[in-house]
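Student: The structure under discussion is supplied below as structure tokens; questions concerning it will follow.
Just so it is clear, none of the values below were taken in a lab; they were calculated from the coordinates. Being a predicted model, the structure only gives us computed values, none of them experimental. All Cβ positions, even for glycine, are placed from backbone atoms using ideal geometry, and neighbour counts span all protein chains on display.
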Amino acid sequence: LDRTNDNIGNESIFKSALAGKSVTTVKLREGLMVPEVTVVAAVPLHIDATTGKAAGVVVTGFTIDSAFVDGIKSVTGLDATVFGLDKRAATTYISSDGKSRFAGTKETNPKVLEAVLKKGEYYVREDKIFNQSFYAAYAPIKTYDKKIIGMLFVGKPQSTLLDAAKQSISLTFSGSIILILLSLIPAYFFSRFLKEQLEA
């Protein structure tokens, strides 16, 4: 809706689609309050068999928003954030009022910024996010021509993982006690049988 009657002829995905190749990429645009990260696809129309060129191109896309990251969380159980460079564009983090999100805030961990935004590497470690310890994974978001325009974060609070581990240990301990008690019953009867045989 914000782009009409303009020329996209110089964009790399348009050129690739016009040359007969279907392309998907991401774009970053600075929004009023938060950056906008958009997934864009370009598909060629009516490829000429002799030249391999397309008669036209269809370009479509969608902006990644809170519904997108909420979908990731509902499927995986992990908190998720999409960054435009170092600024949160969409996130599952909700503030203490229970309504507003931490979109528009910046990632300040220099190790994350160096590894992901500068070097284009994955960063998987324990991390402090909004004063809470997380097991966190960050990955660079790259355009079709390999330019880094942001990051994807997924993570789980350490406290929930520790609670799950405690529950698993507790269940294992309880199960072990039950198995030990159950194994005492045959041992008791076997010892009685041996006693009766020895006394006979």
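Student: What ³J(HN,Hα) values, in whole Hz, does the Karplus curve 6.51 cos²θ - 1.76 cosθ + 1.60 give for the range 145-152 when θ = phi - 60°, with x put for Gly and Pro?
Tutor: Taking θ as phi minus 60°, the curve returns 9, 6, 7, 7, 10, x, 9, 10 Hz for the range 145-152.
Student: Something else: Given the peptides 54-66, 30-42, arrange them by the average over their residues of other C-beta atoms within 10 Å, most packed first.
Tutor: Numbers: 54-66: 14.1, 30-42: 16.0.
In decreasing order of mean packing, 54-66, 30-42 become 30-42, 54-66.
Student: Which of the GluC sites (Glu not before Pro) found in the range 37-132 are in a DSSP loop and have at most 14 neighbouring Cβ atoms, other than their own, within 10 Å? Kindly include the intermediate steps, with their values, before the conclusion.
Tutor: On the way: sites: E107, E114, E121, E126; in loops: E107, E121.
In loop regions of the range 37-132 (DSSP not H, G, I, E or B), the sparsely surrounded GluC sites (Glu not before Pro) are E121.
Student: Quick one: Karplus J couplings for the range 46-62, per residue in order, coefficients 6.51, -1.76, 1.60, θ = phi - 60°, nearest Hz, x for Gly and Pro?
Tutor: So the J values, rounded to whole Hz, are 6, 6, 6, 5, 7, 9, x, 8, 8, 6, x, 9, 9, 10, 9, x, 8.
Student: Determine the gain in length on full extension of the stretch S95-K147; use 0.36 nm per residue of separation and subtract their C-alpha separation, reporting nm with one decimal.
Tutor: On the way: separation 52, 0.36 × 52 = 18.72 nm, distance 3.18 nm.
Length difference between fully extended and current span is 15.5 nm.
Student: What trypsin sites (Lys or Arg not before Pro) in the range 111-144 are in a loop by DSSP, with at most 15 other Cβ atoms within 10 Å of the Cβ? Working shown, then result.
Tutor: On the way: sites: K111, K118, K119, R125, K128, K142; in loops: K119.
Sites meeting the loop and neighbour criteria: K119.
Student: Pairs K73/K118; K21/K111; K53/K73; K27/K99: which are spaced more than 32 Å apart, C-alpha to C-alpha?
Tutor: Values: K73/K118 27 Å; K21/K111 37 Å; K53/K73 41 Å; K27/K99 27 Å.
In this structure, K21/K111; K53/K73 exceed 32 Å between Cα atoms.
Student: Lys and Arg at +1, Asp and Glu at -1: add these up for the other residues within a Cβ distance under 11 Å of P35 and post the number. Numbers along the way, then the final one.
Tutor: Numbers: positive: K27, R29, K87, R88, K106; negative: E30, E36, D86.
Summing Lys and Arg as +1 and Asp and Glu as -1 gives +2.
Student: Under 1.5 on a/c is rounded, so check that first for the range 1-152, then, if it is not, pick prolate when a/b is larger than b/c and oblate when it is not; a ≥ b ≥ c are the square roots of the alpha carbon gyration tensor eigenvalues. Spell out each step's value before the answer.
Tutor: Working: a/c = 2.52, a/b = 2.02, b/c = 1.25.
Prolate shape, in that a/c is at least 1.5 and a/b is the bigger ratio.
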